[in-house]
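Below you'll find the structure, written out as structure tokens, and then a few comments.
The values are calculated or read from the model by the stated rules, or taken from the named source; none is laboratory data. Everything numeric in this text was worked out from a predicted model, so none of it was measured. Methodologically, a virtual Cβ is constructed for each residue, glycine included, from the backbone with ideal geometry; neighbour enumeration extends over all protein chains shown. Heavy atoms of the whole protein, side chains included, go into the accessibility calculation; ligands, DNA and RNA do not. Shrake-Rupley method; radii C 1.70, N 1.55, O 1.52, S 1.80 Å.
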Amino acid sequence: MGVQDLWSILGPVRESVPLYSLSGKTLAVDLSLWVCEAQHVQAMMGKVTKPHLRNLFFRVSSLTLMGVKLVFVMEGEAPKLKAETMSKRTQGRFGGFKKAAPKSNSFFLLSLQCAEMLDYLGVPWVTAAGEAEAMCAYLDSQGLVDGCITNDGDSFLYGAQTVYRNFNMNTKDPQVDCYRTSRVQTELHLSREDLVGLAILLGCDYIPKGIPGVGKEQALRFIQMLKGQTLLQRFVQWREDNACVSGEVVKKVPHCLVCRHPGSAKAHERAGCVLCDSKRFCQPQDFDYQCSCDWHRSEQTRQAASAEASIRKKTMASGHFPFTEIINEFLISKDKSVPNFKRRKPNMLMMQKFAYDKMEWPKHYTSEKVLVLMTYTELMNRKCGREASSQIKPLQIFKPRVRNAVACYEVVWNTPEHYVFPEDQPVENQDEVRTVEEESLFRLAYPEIVELYLRDRALKTKNKKEKPSDFCDGVSDLLAQMTIQSSTLANADTQPQILLPAISNTDEPEVVIVGTPVSHKQHLNPRGNHTSLDDFPNTQREELPSPLSHPSCSRSTESELVASPSVSAVIDALHLSDIDWDALSFTSSPSPQAAANCAAEPLPSKTTDDH
């Protein structure tokens, strides 16, 4: 329950902080809060076995992997003052057990199940002397933890310095509400004693109905009137002074509607106004003008006295007045300091059995969930230099990963003892397991493995850069060995080499060898013997575009080439007369008719236009 309307009062100092900002902090958790929340989650009702255990497991796992150290606090023996509240709360939770002792009801049994699972996960927990939120606040006030996780506003009354509530873990950017006592004191001007006084006036676990007739706004205005004094101090003053609040009563007199001073407008018109220092009439004033007469000067005091008299009368009429037991419950701690919290490694075997019996989880499913906690514990122990036997060891880094915009490594580990694989997992793949770990944490825990991985990765990158040049060289060699051959070539080994003289400005003509790589050229003596194509009647002739079609060729050059017997044979083999020179595109393949008459037709003399 907590204090009525307290969270709305503290609303102006609420901070919404990223959940990841809690990394590295040690927080005390009111276990009863999480158990109660799980019992009222509609989505899990009738669908999830033991929702309080499932909720606890995944919250512990998520916060632990974020680097948050949790210390759970179980309820102790409830104060007698809380008997009425406990009875109503138990009836609301379980529909009965009104007369059951605190340690024999169903809620206590649920808490024991949670404590058992925390033991298997290696998370510490303690039992409070009384209220769990009181123990959380005590740990916080003594500096043993960095804050409390609770929805119970009583924690501020018990002395908590920082309180976290309303976890939002379902978004990409999880948030949590944070309240700090320092801001409550400096910005809201509410001390711890004032908060205890508000709990009495508005209602809390020890006085559920509060003071009838006193609301939130009235109580806050009254606190602001108590300059230099707290509510608890005023309660003591009321107890010591039973007389009514006394004060000089000043009679209210009529005021002028023009100048807002004592007197009437007609009187001021005849004789003037003393406060306006006028002999006739008066000086008009604004509507919000504050008169300086005796009545107005005492108005604020009279209003404060009247409000205090009303609250005082109602408060003293309560059967709990002067609320000594309630005040002592909040201000005097019954809890004692605890030694350093001991964290242990998760127990895979016991957690498998517990989850199977209580939550009906398959063992391979539990193994997967506990594995990440085991590897994280191993990394933290290595990072902090703790000497402990290793449950699991990394074998290598498989590849880099990114999780929630954080650089990570996918790490291969040896299979830990008692780890259970799914039935469809091949036996040969059961020698190793993989997890995704933060790069910064893994680097601190196993720097030698990271160094080896980076060295191998750099070597592979270097080899990849060298491969393209070798590939290009191989392609070049392959192209150099390629030959231009006709698709109808019957015998590649008997293909003759046809020499085509290329047009050149040098004395020695450059001859291209057809049937060999086009990049290979030979310079032949023009006076040397040339083999004519007529000597190879059964050989398929290569068809090439005529060098005479080039715009740079002159008629003199054409006549010289035709005069040569060997060149004439080559030109005759090209069937230049069958080419449509005016077409957009052409082919050198002759038609059957042209092939039959090619010998009888003279060589056309055609000059291309310069473009």
What's the ranking of 31-39, 268-276 by average number of surrounding C-beta atoms within 10 Å, highest first?
31-39, 268-276
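Normalised by the number of residues in region 348-462, what is the relative contact order in percent for Cα pairs under 8 Å and 6+ residues apart?
Details: 134 pairs, mean separation 27.1, N = 115.
The value is 24 percent.
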Distant-in-sequence amide H partners of Thr127 (H built 1.01 Å from N, under 5 Å):
Met74
J(HN,Hα) series, region 190-206, from Karplus relation 6.51 cos²θ - 1.76 cosθ + 1.60, nearest Hz, glycine and proline x:
10, 8, 4, 5, 5, 5, 5, x, 5, 4, 6, 6, 8, x, 8, 5, 9
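Packing-wise, with mean Cβ within 10 Å as the measure, how do 326-336, 6-16 rank, highest first?
Working: 326-336: 16.6, 6-16: 14.8.
Per-residue Cβ counts within 10 Å, averaged per peptide and sorted highest first, yield 326-336, 6-16.
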At 0.36 nm per residue, minus the direct Cα-Cα distance, what do Glu448 and Ser389 gain on full extension? Give it in nm, one decimal, please.
19.3 nm
Quick one: which residues, 5+ away or cross-chain, put their amide H under 5 Å from the amide H of Arg401? H built at 1.01 Å from N.
Cys408, Tyr409, Glu410
Highest average packing first - 158-169, 305-316, Cβ atoms within 10 Å:
158-169, 305-316
For region 108-118, in order, what is each residue's ³J(HN,Hα) by Karplus, 6.51 cos²θ - 1.76 cosθ + 1.60 with θ = phi - 60°, in whole Hz (x at glycine and Pro)?
5, 5, 5, 5, 5, 4, 5, 4, 5, 5, 4
The long-range amide H neighbours of Leu190, using H built 1.01 Å from N in the peptide plane and a cut-off of under 5 Å, are Gln185
Can you tell me the accessible area per residue over region 97-206, all protein chains present, probe 1.4 angstrom, in square angstrom?
37
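Please state the relative contact order of region 144-189 as a whole percent: Cα pairs under 8 Å, 6+ residues apart?
Across region 144-189, relative contact order equals 30 percent.
Could you compute the FRET efficiency for Ser141 and Met316, with r as their C-beta to C-beta distance and R0 at 25 Å, rounded to 0.05?
Working: r = 32 Å, r/R0 = 1.28.
Once the sixth-power term is evaluated, E becomes 0.20.
Let me check something: with ligands and nucleic acids excluded, how do Leu395, Leu22 order by accessible area (1.4 Å probe), largest to smallest? Don't skip to the answer; put the middle values down first.
On the way: Leu395 100, Leu22 0 Å².
Ranked list, largest accessible area first: Leu395, Leu22.
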Would you please give the FRET efficiency between Val236 and Ala115, computed as 1/(1 + (r/R0)^6) with r the Cβ-Cβ distance and R0 = 41 Å, to the nearest 0.05?
0.50
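Taking the Cβ of Leu220 as the centre, find all other residues whose Cβ is under 11 Å away and add up their charges (Lys, Arg: +1; Asp, Glu: -1). Walk me through the numbers before you get to the answer.
Values: positive: Lys216, Arg221; negative: Asp5, Asp194, Glu217.
Its environment carries a net charge of -1.
Given the pairs Lys47/Lys342; Lys25/Lys216; Lys172/Lys462; Lys369/Lys399; Lys82/Lys369; Lys172/Lys399, which span a C-alpha to C-alpha distance of over 29 angstrom in this model? Don't skip to the end; give the middle numbers.
Details: Lys47/Lys342 35 Å; Lys25/Lys216 34 Å; Lys172/Lys462 37 Å; Lys369/Lys399 21 Å; Lys82/Lys369 40 Å; Lys172/Lys399 24 Å.
Pairs exceeding 29 Å: Lys47/Lys342; Lys25/Lys216; Lys172/Lys462; Lys82/Lys369.
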Thr324 versus Asn414, label points 7 Å from Cα toward the beta carbon: distance in nm?
6.8
Roughly speaking, to the nearest percent, how much of region 348-462's 1.4 Å accessible area is carbon and sulfur?
49
Heavy atoms of the protein only, probe of 1.4 Å, neighbouring chains included. What is the accessible area of Glu368 in Å², nearest 10?
80
Quick one: if the Förster radius is 45 Å, what FRET efficiency do Ala307 and Val406 give, using the C-beta to C-beta distance and rounding to 0.05?
0.20
Modelling each spin label as a point 7 Å along the Cα-to-Cβ direction, I'd like the Asn340/Gln229 distance in nm, to one decimal.
5.0
Could you pull the accessible area for Ile392 with a 1.4 Å probe, rounded to 10 Å²?
0
For region 103-176, with the dipole built from +1 on Lys and Arg beta-carbon atoms and -1 on Asp and Glu ones, taken about the Cα centre, which of Cys136, Leu118, Thr162 lies farthest toward the positive end?
Leu118
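Reported to two decimal places, what Rg/Rh ratio describes region 348-462 when computed on Cα atoms with Rh from the Kirkwood expression? Show your work: numbers first, answer last.
Details: Rg = 15.6 Å, Rh = 15.4 Å.
Across region 348-462, the Cα-based Rg/Rh ratio is 1.01.
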Solvent-accessible area per residue, Å², over region 348-462 with all protein chains present [probe radius 1.4 Å]:
61
